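The numbers here are math on the coordinates, done by the rules we state, and not lab data. No experiment lies behind these values; they were computed from the predicted model shown. As a convention, Cβ positions derive from the backbone with ideal geometry for all residues, glycine included, and neighbour counts pool all protein chains shown.
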Protein chains: 4
Amino acid sequence: MSSTHRYTLTISCPDRAGIIAAVSGFIAQHGGFIVEASYHTEQEASRFFMRQEIRADSLPFDANEFRHRFAPLAQEFGMDWQLADSAQKKRLVILVSKQDHCLNDLLHRWRSGELQVDIPCVISNHEDLRSFVEWHGIPFVHIDMQDKAAAFELIAARFEQYRGDCMVLARFMQILPPALCRRFPGRVINIHHSFLPSFVGAKPYHQAYLRGVKLIGATCHYVTEELDAGPIIEQDTVRIDHGDTVDDLVRYGRDIEKTVLSRGLRYHVEDRVLVCGNKTIVFR
Amino acid sequence: MSSTHRYTLTISCPDRAGIIAAVSGFIAQHGGFIVEASYHTEQEASRFFMRQEIRADSLPFDANEFRHRFAPLAQEFGMDWQLADSAQKKRLVILVSKQDHCLNDLLHRWRSGELQVDIPCVISNHEDLRSFVEWHGIPFVHIDMQDKAAAFELIAARFEQYRGDCMVLARFMQILPPALCRRFPGRVINIHHSFLPSFVGAKPYHQAYLRGVKLIGATCHYVTEELDAGPIIEQDTVRIDHGDTVDDLVRYGRDIEKTVLSRGLRYHVEDRVLVCGNKTIVFR
Amino acid sequence: MSSTHRYTLTISCPDRAGIIAAVSGFIAQHGGFIVEASYHTEQEASRFFMRQEIRADSLPFDANEFRHRFAPLAQEFGMDWQLADSAQKKRLVILVSKQDHCLNDLLHRWRSGELQVDIPCVISNHEDLRSFVEWHGIPFVHIDMQDKAAAFELIAARFEQYRGDCMVLARFMQILPPALCRRFPGRVINIHHSFLPSFVGAKPYHQAYLRGVKLIGATCHYVTEELDAGPIIEQDTVRIDHGDTVDDLVRYGRDIEKTVLSRGLRYHVEDRVLVCGNKTIVFR
Amino acid sequence: MSSTHRYTLTISCPDRAGIIAAVSGFIAQHGGFIVEASYHTEQEASRFFMRQEIRADSLPFDANEFRHRFAPLAQEFGMDWQLADSAQKKRLVILVSKQDHCLNDLLHRWRSGELQVDIPCVISNHEDLRSFVEWHGIPFVHIDMQDKAAAFELIAARFEQYRGDCMVLARFMQILPPALCRRFPGRVINIHHSFLPSFVGAKPYHQAYLRGVKLIGATCHYVTEELDAGPIIEQDTVRIDHGDTVDDLVRYGRDIEKTVLSRGLRYHVEDRVLVCGNKTIVFR
């Protein structure tokens, strides 16, 4: 993630000849300097996806003017598109329970400048992590989960109040109600502690242990109404063996969970993830 | 796999103190030189597993005399045990269909001396691979699958006629009937082209493609009556991305399949795999 | 590697704004349908690299006419470029010694259609692999290495006589003389059995064993005059441990060597590798 | 790392028949329950290595009595040996500079109970990390490096004053003087940010970038007088590609460094690492 001021243009549209020429022609015509360019055609869906990173200082206008001038071309090709401005950091609201390995990892990446986002608040159903979060100067919001419906209403309200762009379930251990999933499509990211679609739901490490698999994994995905079934952003696995207990699996799992979440989150934050049906295109 | 003459003693028994002392005491008392020793306790089952490789020339007697003398101690501890003699190569009967990447890989390991087994015959439901197999000087048995029941009877008969120790389904693409699975427990090894328990059954690469996973895998396991549910010996995964078609997955898959099968098979052939319920202990 | 008829345009030129627009504009203007497009800027060298795969049937002319029409644009931007035609398979001449794991792997990929090349001949300084090569219907050329200078002259002569595009040193175990390296720049590919730059030269597995490393690797690279120092195309590593002997390292190494060579070779054959100084850009 | 009270017996001695029998006989004779047992023979050195974890409550005496009774047997076999008591946590003194990814990782593992050690102090040549360390309730010792000789004297003094068992160079970025290396043999652990023996010394990521390698790595090793040449405990690699800048390599590197250091450190802390010449036996 370079610190240069950039615009990132992401597009999806029906596939046909001439799209790259039209878009790169538009950029070139205004002197735009493309830093990174990626393309993909999803054959079954006959849909084209592209992502362009452009140096902001190479263009004679700002992001809004870019959007204004680009709109006609986008309409001509039937594009779903957006232009992100690297000067506008995304705002991540992180939800945690008691386990803090993912939170610890994300906050370190944030305070070291590796993860260029704003973290307006951390929300938890336990008080345990208040001191650690507040040491970072980040507001810590405790939510009582006794009344689940009310609790999730409050979470949604805080997310909006803090103008969150993305809600990160960093081992939150609570299942979001369908209504909440529908309310923020493509904006809620979860880390599941198995290599999906294996071991959906509760206690995946126990499930893995009982099945006798030789590797375990973790999956970072967008949350949808169906549990652990949303579009997968990133996954990875790690080797275990017969000598490992469930506790060992949990320990190995923590390392893979935080790695996979941080990678998936980086892709999302850098506008590298485009969704097509229940799959993702990740322009790494 | 060293070429030195060795005995491999594998034991499983109820866990208690003193087992290692008793067994290593027995070996030491006869001057036995232990080349490799591995131990494991399966906590839930309260069961102990061990494997010892002993240099044959360090003992004053042969394998049968070893078995004779060891029997009382084995009985005292309630052991399931066996002594394998590296001079007696295991006999692998390989079953294939048309896809030959696993067969090609196994035959190369065999002819280069890496896989120290005998291959008395290769069985197939197609004629395609006859010439390749026969070039190796290995009998090729073609079986017509029109009448499945009869075909599987014939396969079992050939396996026994050729005194097979282990039946290897090297992408055989046919589901073994339950009776056959029961007849050779722990002696039939399959390579499944997914990271089990994900994508059981047919067309796992298509299933993986549709689910949008970010890694695909392969699983080497013992065949049991329940499809793709037997004890797992070895697994591995490989990274894919959105640009990969189903054909690409199949291509990547071939490499991971042959690697996983050859590793699992080596563990089995070297008596490194002990089964406990539906799990395996693999003393690598 | 799809079987559709495609043209692959690879370009490197000084970096500046408008290159993508110019090239994609040219293609679009003739109705060309881009199947895959990749771009990269090498910052230090201020040099731009691109690769486009275009469906041949989407263009109203053939490869030669494409080259003719594209030349002026290429000149304007100072491009080094070439257009490969998938209908013209590359011709690989494979050099081997006695170890055949890479050869066995490559020939299988070739006969299964995975590696879409022609193999006009296999050259070896030993007779051991003649029968295996000839079973494939491929001429086997034995070269006596007694007089090294004469032998390498003969190798070069055979390579040219068989109109080889690429010379593959598939564990050839002989060091090519500088003159030969200079004669076929970017056309000789070697697999070195270490994770370069560690363990250059002879017996890398012994070196690795003595140093006590915890992973070993293999490197596929273009051959240049300096031993094991040419541009790296592909590398990979595999975990070992203290229980592994040098023989075990050699065994693990074979698997990683053949995988890395086959991947690197595929990238080369599909025109995915562009060289920049002593580095490669690999558009996977 | 189980929380049960255990004794860990580690032994190295000249190889001969009967060692396992003698040691396991001794343990069994006192009713000792072996939780984990590992053996290895280093062929070249003709030296035998073993590690036994024994449940403390299965023995009728304490660690000192164990040592007293075991001594004669140890002498008979010429053993180098030690008995570690899990009730006596090892004391790690961590040295850091400004980069805190390894420190952040280690302190999290410590405060979550995963890494069962005491951390009596953190030493740094910069003040930057004081607040973070002190939030953990750990003393932070700042050392001025202007006068290097004096500084290293002070470091050694603090290490001894805080009764450190192990000095961890968690990206300390300063080369320890030979005298200090000699003073604490096998007790100073470093994380080097390359896959040794490649890219010894300064700026390994720049070296890797210039060489154009396709994977980068990290190495956890014991510090000896020769720079980056001590016995390797753990290593790992991660894939990069041509699109990655030196900054990207540094970013990927941080993840691999902290993972490799934490693994190597865990092996050391759990007495899983035995040194043989310049190599390690790691009983994982």
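Computed from the mean reciprocal separation of all distinct C-alpha pairs, what Kirkwood hydrodynamic radius does the protein assembly as shown have, in Å?
32.2
Counting other Cβ atoms within 10 Å, which GluC sites (Glu not before Pro) in the range C:142-245 have at most 13 and lie in a DSSP loop? Mind dumping the intermediate values first?
Working: sites: C:E153, C:E160, C:E225, C:E226, C:E234; in loops: C:E225, C:E226.
Answer in residue order: C:E226.
In nm, one decimal, shortest first: how far is the label point of C:D85 (7 Å from Cα along Cα to beta carbon) from the matching points in the other copies?
5.1, 6.6, 8.3
For a quick size check, give me the Cα extents of chain A along its three principal axes, largest first, whole Å.
Its Cα atoms span 60, 41, 35 Å along the three principal axes.
Enter the angle in degrees (range 0 to 90, nearest 10) between the Cα long axis of helix B:19-29 and the first principal axis of the Cα atoms of chain B, meaning the one along which they spread out most.
Roughly 70 degrees, rounded to the nearest 10.
Of all the C-alpha pairs in the range C:6-85, what % are more than 19 Å from each other?
In whole percent, the share of Cα-Cα pairs in the range C:6-85 beyond 19 Å is 29.
Compute the signed sum of charges (Lys and Arg +1, Asp and Glu -1) over the other residues within less than 12 Å, Cβ to Cβ, of D:K89. Don't jump to the answer; show the numbers that get you there.
On the way: positive: D:K90, D:R91, D:R163; negative: D:D85, D:D118, D:D165, D:E270.
Local net charge: -1.
Can you tell me the orientation of helix B:63-77 relative to chain B, as the angle in degrees between its alpha-carbon axis and the longest Cα principal axis, to the nearest 10?
80
Label B:D247 and D:Q82 with points 7 Å out from Cα along Cα→Cβ: what is the distance between them in nm?
With each label placed 7 Å out from Cα toward Cβ, I get 6.1 nm.
Taking beta carbons within 10 Å but only from partner chains, what does the mean come to for residues D:36-43? Provide the component values of the computation, followed by the final result.
Numbers: counts 4, 8, 5, 9, 5, 6, 2, 3.
Counting Cβ atoms of other protein chains within 10 Å of each residue's Cβ and averaging gives 5.
Which distances, shortest first and in nm, link A:A150 to the matching position in the other copies, using label points set 7 Å out along Cα to C-beta?
6.4, 7.5, 9.8
Of the residues D:G201, D:G217, D:G186, which exhibits the maximal mean-square fluctuation in a Gaussian network model of chain D defined by a 10 Å Cα contact cut-off?
Highest fluctuation among the options: D:G201.
How high is the relative contact order of chain C, in percent, counting Cα pairs under 8 Å that sit 6 or more residues apart? Don't jump to the answer; show the numbers that get you there.
Values: 497 pairs, mean separation 42.3, N = 284.
Computed over chain C, the figure is 15 percent.
Nearest the rotation axis from A to D, which residue of chain A has its beta carbon, and at what whole-angstrom distance?
That would be A:W135, 3.
Label-to-label distances across copies for D:D118, with labels 7 Å out along Cα→Cβ, in nm, shortest first?
In nanometres, ordered from closest: 4.6, 6.4, 7.7.
So, R0 is 30 Å and r is the distance between the beta-carbons of A:E127 and A:A202; what FRET efficiency does that work out to, to 0.05? Show your work: numbers first, answer last.
Numbers: r = 24 Å, r/R0 = 0.79.
In this case the efficiency is close to 0.80.
Restricting to Cα atoms and excluding each atom paired with itself, what does the Kirkwood estimate give for the range C:1-42 in Å?
Details: mean 1/r = 0.0835 Å⁻¹.
It is 12.0 Å.
Where does the range B:211-251 land on the Kirkwood hydrodynamic radius, alpha-carbon pairs, in angstrom?
On the way: mean 1/r = 0.0847 Å⁻¹.
Taking the inverse mean of 1/r over all distinct Cα pairs, the range B:211-251 comes out at 11.8 Å.
Order A:9-15, A:113-119 from most to least packed using the mean count of other Cβ atoms within 10 Å. Intermediate values should be presented prior to the final figure.
Working: A:9-15: 19.6, A:113-119: 17.7.
Ranking the peptides A:9-15, A:113-119 by packing returns A:9-15, A:113-119.
By the gyration tensor of its Cα atoms, with a ≥ b ≥ c the square roots of the eigenvalues, what is the shape of the range B:128-284: rounded for a/c under 1.5, prolate for a/b over b/c, or oblate? Walk me through the numbers on the way to the answer.
Values: a/c = 1.65, a/b = 1.35, b/c = 1.22.
Prolate shape, in that a/c is at least 1.5 and a/b is the bigger ratio.
If the reach is capped at under 17 angstrom between alpha carbons, list the aspartates and glutamates near D:K90, excluding any in the same chain fewer than eight residues apart.
By straight Cα distance, D:K90 reaches D:E53, D:E114, D:D118, D:E160, D:D165, D:E270, D:D271.
In the range D:67-132, what is the volume of the convex hull around the alpha carbon atoms, normalised per residue and reported in Å³?
Given the Cα convex hull of the range D:67-132, per-residue volume reads 129 Å³.
Could you tell me the distance between the Cα centroids of the range C:263-284 and the range B:205-268, to the nearest Å?
If we compute the Cα centre of each part, the gap is 27 Å.
Per-residue ellipticity at 222 nm for chain D, helices alone: DSSP H runs ≥ 4 residues times -39500 (n - 2.57), over residue total, nearest 500 deg cm²/dmol?
On the way: 8 runs with 94 residues, N = 284.
Mean residue ellipticity, 222 nm, calculated: -10000 deg cm²/dmol.
On a 0 to 90° scale, report how tilted helix D:148-161 is relative to the longest principal axis of chain D, with both axes built from alpha carbons and the result rounded to the nearest 10.
Roughly 40 degrees between the two axes.
GNM on chain A, C-alpha springs below 10 Å: top fluctuator among A:T224, A:T41, A:T259?
A:T41
Taking every residue in D:213-219, how many Cβ atoms of other protein chains lie within 10 Å of its Cβ, on average?
Working: counts 9, 15, 9, 0, 7, 0, 3.
If you average over the peptide's residues, the count of other-chain Cβ atoms is 6.
Loop only per DSSP, at most 12 neighbouring Cβ atoms within 10 Å: give me the trypsin sites (Lys or Arg not before Pro) in the range C:125-184, ordered by residue number. Before the final figure, lay out each step's value.
Details: sites: C:R130, C:K148, C:R158, C:R163, C:R171, C:R182, C:R183; in loops: C:R163, C:R171.
Loop-located and lightly packed - C:R163.
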